[in-house]
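Structure record follows, encoded as structure tokens.
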Amino acid sequence: AKRAAAEKAAAELEAKKAELKAMIDGKVIHFDFDRSEIDSADYQLIKANADYLSLETNASLTIKGYCDERGTREYNLALGERRAQAVQNALIAEGVSPSRITVISFGEDNPVDDGHNENAWAKNRRAEFSY
């Protein structure tokens, strides 16, 4: 009976991990122009990532910060860093150990939309979660 209970608990844990992973996969946090503050609507995604990390104890996370093409290369690298750090700080506030999180800025490199308009720029101002 103990073994069955342990197997059931393990199966439930795996199911919860899979559910959270599905919820966070491919999701990004977007930022307003020239800002690194996280919108309150994005805290649900941060919480889901923190919950996933609490269950997946061996996982580590890289947060990648990005900008749109406006601004100098140096400025955008610094802004991308601030965006990724803002997400890192929010995860730490949710109980994630800082040692499990790496922050990297790509500045304006690797845009998801190559357009030169507000619609494209809004998509490119983001932080991505990479496990």
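The values are calculated or read from the model by the stated rules, or taken from the named source; none is laboratory data. Values in this document were obtained by computation on a predicted structure and should not be read as measured data. Every residue, glycine among them, receives a Cβ derived from its backbone with ideal geometry; neighbour counts consider all protein chains shown. For the accessible areas, the whole protein counts, side chains as well, though only heavy atoms, and no ligand, DNA or RNA atoms are used. Shrake-Rupley method; radii C 1.70, N 1.55, O 1.52, S 1.80 Å.
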Practice problem: State the label only: which of (i) 1.09; (ii) 1.12; (iii) 1.03 corresponds to Rg/Rh (Cα atoms, Kirkwood Rh) computed from the shown model? | Solution: (i)
Exercise. Express in nm, to one decimal, how much length is gained between F33 and A93 on full extension, taking 0.36 nm for each residue of separation and deducting their alpha carbon distance.
Key: 19.1 nm
Exercise. Using only Cα atoms, tell me the angle between helix 2-24 and the longest principal axis of the chain; keep it within 0 to 90° and round to the nearest 10.
Key: 10
Exercise. Work from the charge dipole of region 30-74 (Cβ charges, +1 for Lys and Arg, -1 for Asp and Glu, about the Cα centre) and give the residue of L53, F33, G71 farthest towards its positive end.
Key: L53
Practice problem: For helix 43-55, report the angle its Cα long axis makes with the longest principal axis of the Cα atoms of the chain; keep it between 0 and 90° and round to the nearest 10°. | Solution: 40
Quiz item: If you stretched the chain out fully between T57 and A10, how much longer would it get, using 0.36 nm times the residue separation minus the C-alpha to C-alpha distance?
Solution: 15.5 nm
Quiz item: Using the Cβ atoms and a cut-off under 13 Å, what net charge is assigned to the surroundings of W121, where Lys and Arg are +1 and Asp and Glu are -1?
Solution: -3
Quiz prompt | Distance (nanometres) between label positions extended 7 Å along Cα→Cβ at N117 and K2 | solution = 6.6
Quiz prompt | Computed magnitude of the charge dipole of the chain (debye, nearest 20; Cβ of K, R +1, Cβ of D, E -1) | solution = 640
Quiz item: What angle do you read, to the nearest 10 degrees and between 0 and 90, between the alpha-carbon axis of helix 73-93 and the longest principal axis of the chain?
Solution: 30
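Round to a whole number: what % of the accessible area of region 23-131 belongs to carbon and sulfur, probe 1.4 Å?
Working: 2710 of 5690 Å².
Of all accessible area on region 23-131, carbon and sulfur atoms account for 48 percent.
Could you sort the peptides 103-115, 40-52, 7-19, 75-87 by per-residue average Cβ neighbour count (10 Å cutoff), highest mean leading?
Numbers: 103-115: 15.5, 40-52: 17.2, 7-19: 11.2, 75-87: 20.9.
Ranking, from highest mean packing down: 75-87, 40-52, 103-115, 7-19.
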